[in-house]
Amino acid sequence: MRGQRSTIWIATAVAIASLMTAAVMELQDAGGSSEWRAALLRLVVYCAGAVGVIFLGVGYARMAGAVTSMAARLRSGPSSGCDHELPPAFRGLMQTLDERVAEGAEATRRFQTELKDLEIRSQLSERERRHTEAILYSLRDAVIVIDGSDRLLMANPPAAQIFGFDPENVRHRPLAEAIGRTHAGFIELLVQCRRNRTEATKRELEFPQGDRSHTYETIVSCVQTDGKVSGVVAVLHDVTREKEISQMKNDFVSHVSHELKTPLASIMAYSEMLADGEADDEETRKEFYSVIQSQAQRLSRLIEDILNVSRIESGLIKVHKEPASLTILIEDQMQMIRSYAEEKNITVTAGRAIVYDQVQIDKDMISQVIINLLSNAVKYTPAGGRVTIGTEVNGAAGLVRVTVSDTGVGIPENEVNRVFDKFYRVAANNKQAKGTGLGLNLVKQIVEKVHGGRVFVTSTVGVGSTFGFELPLATARQAALV
Amino acid sequence: MANKVLVADDELHIIHVVAIKLRNNGYEVITASNGAEAYELACHENPDIVVTDYQMPLLTGIELIEKMRGDDRTRSTPVILLTARSFAITEEMQQQLGVSACLSKPFSPKELLKTIQDLLYQKELVAQS
């Protein structure tokens, strides 16, 4: 500031000196009195002009100084403590400016904080969305989400499979358009839920899947935000298998109780007759005893079957494997089934014997497999029919294959793959013969789980069925241990 | 003249023991091993009473009774249902089907005989009135 003032005074002195020099030069040039007055007048005017210029210069210099101070003040900030160097008028202005700047800074800071919060919330929200989507996409249940205008917001792959659409192509399309009119009942359920603002409702709905219908337990919930419906979520859980298992269990209890009660009925009736003396002679009594014995054995076999399935499934069964010839086992089982087949006038024949068909097996278990397949074939073949059992050896694959073919009632195509399921019975053949639905399951368990083989079946309704199994041939080392 | 009883069951041992019990007590017994055969005998042999199992090949006991109730020749013949599935047959079902009595397996031959005697007595009373 001092430097500025010195500059101003030097400039003023230079200006006055210049003007005085100019006046003196004028006076020297004037010479006479009238010219002298005129020269004096011009001197006064020059002096006045010089003084005016000086004051103007001082004013400008002061203003420049103030502006420079203000700029310096603005650069150094309010904490620099140099406000006293500013002109009083500028101090007020500076104070107001400082206040405004402080307010602006505070607003900017708040805005930046909010922006940062918003960014964090946005990142969290995005992360949550991705987590939710990952969960929904990994679910086996179908999930569909629609917005408040019934437009599809999200559908996971199981939902896409049920309704047959590409989830990415149908996003934001109206629900009815995305999943088609064939599912009008489902669409109506979601729309009603939205309209009624239903918090949660559960229904059982049927949807076609391939060649059969699946049952889905469907939970539909309305999503509300600030009292407004923002969307509807539907979760569809496939309960088809659960229902089938439940039905199979019920059927099993029903079948097993019937199967258990039938031999028990004979045992009780015959023993009562014996106790009441209704068997007159020794021969009749012997016959009654024999019936009681055979029915007790039947009961025991049935219980053993149930327990065997349970033991194999739980891995608790004792297995005693040894090398054995399947042809010999088949011969033994054919002897056992022959009387039952003759009762029904059914011919049972075996293919030609095979030289080497040694397998490493539990003989009792594989005998059970053969007898189950043979008795099933006889059971479901009408009188006068034929049952053929054959053996093939595939040396290259190291397998021996046993087939039991019949000219029986056959199995409908849509049920043929399920006949090895536990407790499953072919509905159409229920009247043909009784059974627990355990025999073929036991065959599968023994062949596949205990012996590492494979079961198979082919069938044509009205023509007959071929059931069979494959087992690995015994190695030369195993066979040498016979 | 002895009363004629038709016994239908696919369990031959059951047919045998029931037949012995009834014959020992003066009844004439005819037998069938499936529902279709039983229906034929019921129509053509005119039994006084029918004893049938619930689960049989070709026609179940229930289907046999339905067919009999729809046929003038067998509409009023008393029927006793033997079943190992007694839980599946409610009293309402019995009334609707026209089952005269239902016995659960295992059953007592003495109880069956008594039931047959009671039903034939009732039938006789109805005929007399």
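The values are calculated or read from the model by the stated rules, or taken from the named source; none is laboratory data. No experiment lies behind these values; they were computed from the predicted model shown. Note that each Cβ is placed from the backbone with ideal geometry, even for glycine, and that neighbours are counted across all protein chains shown.
Is there a residue being assigned to a helix (DSSP H, G or I) and not charged (D, E, K, R) anywhere in region A:150-158? Yes. Counting the residues of region A:363-390 that are over 19 Å from A:LYS444 (Cβ atoms) and not in a loop (DSSP other than H, G, I, E, B) gives 5. From the list A:ARG203, A:ARG140, A:ARG129, the lone residue that is over 15 Å from A:LEU236 (Cβ atoms) and of a type in the set (D, E, K, R) is A:ARG129. Selection of region B:92-114 for residues being within 9 Å of chain A (Cβ to nearest Cβ) and either touching a strand residue (DSSP E or B) at 6+ places or on another chain (Cβ under 8 Å) or more than 13 Å from A:GLU272 (Cβ to Cβ) (or both) yields B:SER104, B:LYS105, B:PHE107, B:LEU112. Against the definition (over 24 Å from the mean Cα position of the chain (by Cα) and in a helix (DSSP H, G or I)), how does A:GLN192 come out, yes or no? So A:GLN192 fits the description; yes. The residues of region A:165-176 that are exposed (fewer than 12 other Cβ atoms within 10 Å of the Cβ) and not polar (S, T, N, Q), listed by number, are A:ASP166, A:GLU168, A:HIS172.
Take B:LEU82 and decide whether it is under 23 Å from A:SER254 (Cα atoms), touching a residue at least 60 places away in the same chain (Cβ under 8 Å) and within 10 Å of chain A (Cβ to nearest Cβ). Yes. Checking each residue in region B:106-129 for being closer than 21 Å to B:GLN55 by Cβ, without any contact (Cβ under 8 Å) to a residue 60 or more places away in the chain and over 13 Å from the mean Cα position of the chain (by Cα) picks out B:PRO106, B:PHE107, B:SER108, B:GLU111. Residues that are assigned to a strand (DSSP E or B) and surrounded by fewer than 18 Cβ atoms within 10 Å (Cβ to Cβ) within region B:73-100 are absent altogether.
Scanning region B:18-31 for residues that are within 14 Å of B:PRO109 (Cβ to Cβ) and more than 15 Å from the chain's Cα centre (by Cα) yields B:ILE20, B:ARG23, B:ASN24, B:ASN25. Screening A:GLU103 with (1) touching a strand residue (DSSP E or B) at 6+ places or on another chain (Cβ under 7 Å); (2) over 30 Å from A:ALA155 (Cα atoms) gives one miss only, at (1). Scanning region A:242-257 for residues that are free of Cβ contacts under 8 Å to residues at least 40 places away in the same chain and within 12 Å of chain B (Cβ to nearest Cβ) yields A:ASN250, A:VAL253, A:SER254, A:SER257.
Taking the stated definitions as given, is A:VAL426 at pLDDT 90 or above and in contact with a helix residue (DSSP H, G or I) (Cβ under 9 Å, 6 or more places away or on another chain)? In short, no.
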